[in-house]
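Contents: one structure, followed by commentary.
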Amino acid sequence: MKASDVMTRDVITVRRETSVTNAIRLMLDNNVSGLPVLDNGKVIGILTEGDLLRRSETGTEKHRPRWLEIAMGPGRMAGEYVRTHGRRVEEIMTTDLVSVAGDTPLDEVVGLMERRRIKRVPVIEGEVLVGVVSRLDLLRALLCAIEAQHTEHRGDDDICEQIMAELAKAAWVPRDGLSISVKDGVVDLEGVILEEKEREALRVVAENVPGVRSVEDHLVWIEPVSGTVIDPPQD
């Protein structure tokens with residue numbers, strides 16, 4: 001998937017001169033947590049909930065010892081005052097803008113959001129804003145993918161083949177003594193595991209294959225230290 005496949009296209013924006021009050025109303029009325037800021041059609045920043053956490057009106061601005069304020073210097077203190085008291089979007093918005101193109105792979109978008117600890121990324125083509133990818137967009141895409149996956153119908157041989165292909169890519173899979181069979185969409189797991197978490201992972205692999213109706217667990221766990229054989233849990 002790419003950014004353009006999941007992004008919200010009808011993006012609510014504000015201008016740099018928009019009042020903070022109107023911007024907050026927009027966020028509340030439209031249930032969004034961030035607003036791209038435009039100037040002559042170009043994205044110059046973004047206003048987020050985080051930019052509004054420290055405000056003088058709610059008494060949440062930072063209070064520091066006098067000696068620390070002196071050490072910080074007048075320039076930094078003045079800038080912080082503007083952010084906690086400013087009345088226009090341009091005075092408090094985040095200007096260190098992170099954006100992606102529409103053809104950016106979705107895994108790169110997610111990696112960027114994780115590294116920068118941000119909840120949304122504007123999607124820009126040239127200098128034009130064409131959408132926004134937010135965490136909510138990613139949740140919608142995930143739900144659609146899961147629902148589409150489990151509406152597929154496959155034969156037993158295809159199911160077994162896909163399970164084995166997925167297991168072949170994983171380093172944690174027990175290489176000996178594992179047997180998998182499928183009948184009428186029911187997957188039967190048999191064999192020996194050396195780590196209890198392998199049981200859950202094997203079940204998840206099977207359940208994620210389209211066409212699987214249920215999974216029967218007949219795996220036996222051999223505790224590696226004592227050699228104790230533990231039978232599979234009974235439903």
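The values are calculated or read from the model by the stated rules, or taken from the named source; none is laboratory data. No experiment lies behind these values; they were computed from the predicted model shown. Cβ placement follows ideal geometry from the backbone for every residue including glycine, while neighbour counts extend to all protein chains displayed. Heavy atoms of the whole protein, side chains included, go into the accessibility calculation; ligands, DNA and RNA do not. Shrake-Rupley method; radii C 1.70, N 1.55, O 1.52, S 1.80 Å.
Within the stretch 107-144, how many residues turn out to be within 10 Å of the chain's Cα centre (by Cα) and in a helix (DSSP H, G or I)?
The total comes to 12.
So, in the stretch 215-230, of the ones that are at pLDDT below 90 and over 13 Å from GLY191 (Cβ atoms), which residue ends up most open to solvent (accessible area, probe 1.4 Å)?
VAL225
Report, by residue number, each residue of the stretch 33-45 that is open to solvent by 50 Å² or more (accessible area, probe 1.4 Å) and either assigned to a loop (DSSP other than H, G, I, E, B) or closer than 16 Å to ILE118 by Cβ (or both).
Matches in the stretch 33-45: ASN40 only.
Among the residues of the stretch 46-67, is there at least one that is under 26 Å from ARG116 (Cβ atoms), polar (S, T, N, Q) and in contact with a strand residue (DSSP E or B) (Cβ under 8 Å, 6 or more places away or on another chain)?
Yes, there is a match, as at least one residue in the stretch 46-67 is under 26 Å from ARG116 (Cβ atoms), polar (S, T, N, Q) and in contact with a strand residue (DSSP E or B) (Cβ under 8 Å, 6 or more places away or on another chain).
Kindly evaluate ALA165 against the criterion of being modelled with pLDDT of 90 or more and either in a helix (DSSP H, G or I) or among the small types (Gly, Ala, Ser) (or both).
So ALA165 fits the description; yes.
For the stretch 95-124, which positions are exposed (fewer than 14 other Cβ atoms within 10 Å of the Cβ), of a type outside the set (D, E, K, R) and within 11 Å of ILE46 (Cα to Cα)?
THR95
Could you list, in sequence order, all residues of the stretch 177-219 that are assigned to a loop (DSSP other than H, G, I, E, B), β-branched (Val, Ile, Thr) and touching an Asp or Glu at 6+ places or on another chain (Cβ under 8 Å)? Give the derivation first.
Of the stretch 177-219, the ones assigned to a loop (DSSP other than H, G, I, E, B) are 177, 184-185, 194-195, 208-213.
If we keep only those that are β-branched (Val, Ile, Thr) too, we end up with 209, 212.
Residue satisfying the conditions is VAL209 alone.
Mind checking whether some residue in the stretch 191-214 is over 26 Å from the mean Cα position of the chain (by Cα), modelled with pLDDT of 90 or more, surrounded by 14 or more Cβ atoms within 10 Å (Cβ to Cβ) and hydrophobic (A, V, I, L, M, F, W, C)?
No, the stretch 191-214 contains no residue that is over 26 Å from the mean Cα position of the chain (by Cα), modelled with pLDDT of 90 or more, surrounded by 14 or more Cβ atoms within 10 Å (Cβ to Cβ) and hydrophobic (A, V, I, L, M, F, W, C).
Which members of the stretch 1-22 meet the condition of being in a strand (DSSP E or B), open to solvent by 20 Å² or more (accessible area, probe 1.4 Å) and either aromatic (Phe, Trp, Tyr) or touching a Leu at 6+ places or on another chain (Cβ under 9 Å) (or both)?
Step one: list which residues in the stretch 1-22 are in a strand (DSSP E or B), which gives 2, 8, 14-15, 19.
From what's left, open to solvent by 20 Å² or more (accessible area, probe 1.4 Å): 2, 8, 15, 19.
Matches in the stretch 1-22: LYS2, THR8, ARG15.
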